[in-house]
1. Search the range 251-284 for residues being within 14 Å of ligand 2 (Cβ to nearest atom) and in contact with a Ser or Thr (Cβ under 7 Å, 6 or more places away or on another chain), and hand back the single one that is farthest from Tyr167 (Cα to Cα).
2. Kindly establish whether Val128 is within 15 Å of ligand 3 (Cβ to nearest atom) and over 9 Å from Ala89 (Cα atoms).
3. Restricting the search to the range 235-267, which residues are at positive phi and either in contact with a Gly (Cβ under 8 Å, 6 or more places away or on another chain) or within 12 Å of ligand 1 (Cβ to nearest atom) (or both)?
4. Could you please find all residues in the range 211-240 being surrounded by 17 or more Cβ atoms within 10 Å (Cβ to Cβ) and in a loop (DSSP other than H, G, I, E, B)?
5. Just checking, which of Arg148, Arg108 is farther than 30 Å from Ala298 by Cα and either out of contact with any strand residue (DSSP E or B) (no Cβ under 8 Å at 6 or more places or on another chain) or buried (at least 24 other Cβ atoms within 10 Å of the Cβ) (or both)?
6. Do we have any residue at all in the range 186-199 that's assigned to a loop (DSSP other than H, G, I, E, B) and touching a Phe, Trp or Tyr at 6+ places or on another chain (Cβ under 9 Å)?
7. Working carefully through the options Val143, Val72, Val130, Val126, find the one that is closer than 18 Å to Ile291 by Cβ and among the aliphatic types (A, V, I, L, M).
8. Quick check: anything in the range 219-233 within 16 Å of ligand 2 (Cβ to nearest atom), outside the structural domain of Asn127 (by TED's automatic domain parsing) and without any contact (Cβ under 8 Å) to a residue 60 or more places away in the chain?
Amino acid sequence: MPLHRHFTLTQYLIEQRRRFPGASGDFNALILDVALACKSIARDVALGELGASVPTDEAVNVQGEVQKPMDVISNTTFIRTNEWGGHCAGMASEEMDGPYQIPAQHPRGKYLLVFDPLDGSSNIDVNVSVGSIFSVLRAPQEVIDSGRDVTEADFLQPGAKQVAAGYALYGPTTMLVLTVGAGVAGFTLHPSLGEFMLTHPRIQVPADTQEFAINASNSRFWEGPVKRYVDECLAGKPGPRGKDFNMRWIASMVAEAHRILMRGGVFMYPRDTKDASKPGRLRLLYEANPIGFIMEQAGGRASTGRQPMLGVAPSSLHQRIGLVFGSKNEVERIERYHAEPAKSERESPLFAPRSLFRD
Ligand code: AHG
Ligand code: MN
Ligand code: MN
């Protein structure tokens, strides 16, 4: 395919920047550094067991989860690629307990970069798609002016404050999906040019869907509104929804998000009662917020079930949260179910419909 058929990521960013004549170019340079990190991780992931010098020890991260060697490698790649350019005031990652300080030999910039360097890493050993997720926030003005070390509090900004968010998906092709707050664009990595080419301009999530994604092995821990929603989907054509639904579960949230951006659907990792210390499985700052921003920019919706995700005021760097996102009408339905009185208050148990996931 001739090059002129597609814009490169660099060209796309230059066009976006033209909307802000005063912009310094720092932001574009930051996104290009993130894209470089993703290209490097794509190569490492593609090499699999053939990759050189893969550490064999499995450590445990701050979340108490086993770190795969590729979790550690991807984290280091993100840091090394983004620490030197003078665009970042600091970074935070799933794989690091606290904020990462830009080393003294490098200039400090105005952005905070937050990332999940490898999402779905339990899939890496079975050769199933994984990805990287990132979120860009503006550092507080006082941090920019003083150049001081960043603290956890500097990162605790609601998702609505994100300047940009995106993910790379390492699948049959490597893709970068990006929002800079003006819609969502998808780029495919041209393997021989080494460039992300704009292949999916203006991605839109269909408002309706007949496909949902949830880890049903947790069904006994679900709250009433989630049980009700899934029950109604499973009831299919003769049920209250009057149509059959399909189900998918990849266990790489980034891959589920991509499927939903391409053809619609709804994803749920809701708050549940499995572990009282964990209000949800996924993390607010580097999973729920960036994917939420992308969904909203693509005409979809992202929510905790109870409130819009992007309005949540974070309380800690690694905060977990219930997450529902995807096709707007389905997410709104799930929010409605959460807002309605509990099932026991709605109907007498005598006349309750039969349910696979009964309360
Ligand atoms: P990570 O690999 O960054 O820890 O994230 C994995 C997440 C997410 O990608 C996926 O949707 C979910 O964990 C899968 O959870 P289950 O193992 O409970 O299905
Ligand atoms: Mn993840
Ligand atoms: Mn991860």
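1. Top of the filtered list is Ala251.
2. So Val128 fits the description; yes.
3. If we filter the range 235-267 for residues that are at positive phi, which is where we start, we get 236, 242, 251, 264-265.
Those that are at positive phi and either in contact with a Gly (Cβ under 8 Å, 6 or more places away or on another chain) or within 12 Å of ligand 1 (Cβ to nearest atom) (or both): Ala251, Gly264, Gly265.
4. Ile214, Glu223 - these are the residues of the range 211-240 that are surrounded by 17 or more Cβ atoms within 10 Å (Cβ to Cβ) and in a loop (DSSP other than H, G, I, E, B).
5. That would be Arg148, the only listed residue that is farther than 30 Å from Ala298 by Cα and either out of contact with any strand residue (DSSP E or B) (no Cβ under 8 Å at 6 or more places or on another chain) or buried (at least 24 other Cβ atoms within 10 Å of the Cβ) (or both).
6. No, the range 186-199 contains no residue that is assigned to a loop (DSSP other than H, G, I, E, B) and touching a Phe, Trp or Tyr at 6+ places or on another chain (Cβ under 9 Å).
7. Val130
8. At the first step, the residues of the range 219-233 found to be within 16 Å of ligand 2 (Cβ to nearest atom) are none.
Taking every residue of the range 219-233 in turn, none turns out to be within 16 Å of ligand 2 (Cβ to nearest atom), outside the structural domain of Asn127 (by TED's automatic domain parsing) and without any contact (Cβ under 8 Å) to a residue 60 or more places away in the chain.
The values are calculated or read from the model by the stated rules, or taken from the named source; none is laboratory data. Keep in mind that what you see is a predicted model, and the values were worked out from it rather than measured. All Cβ positions, glycine included, derive from the backbone under ideal geometry; neighbour counts span all protein chains shown.
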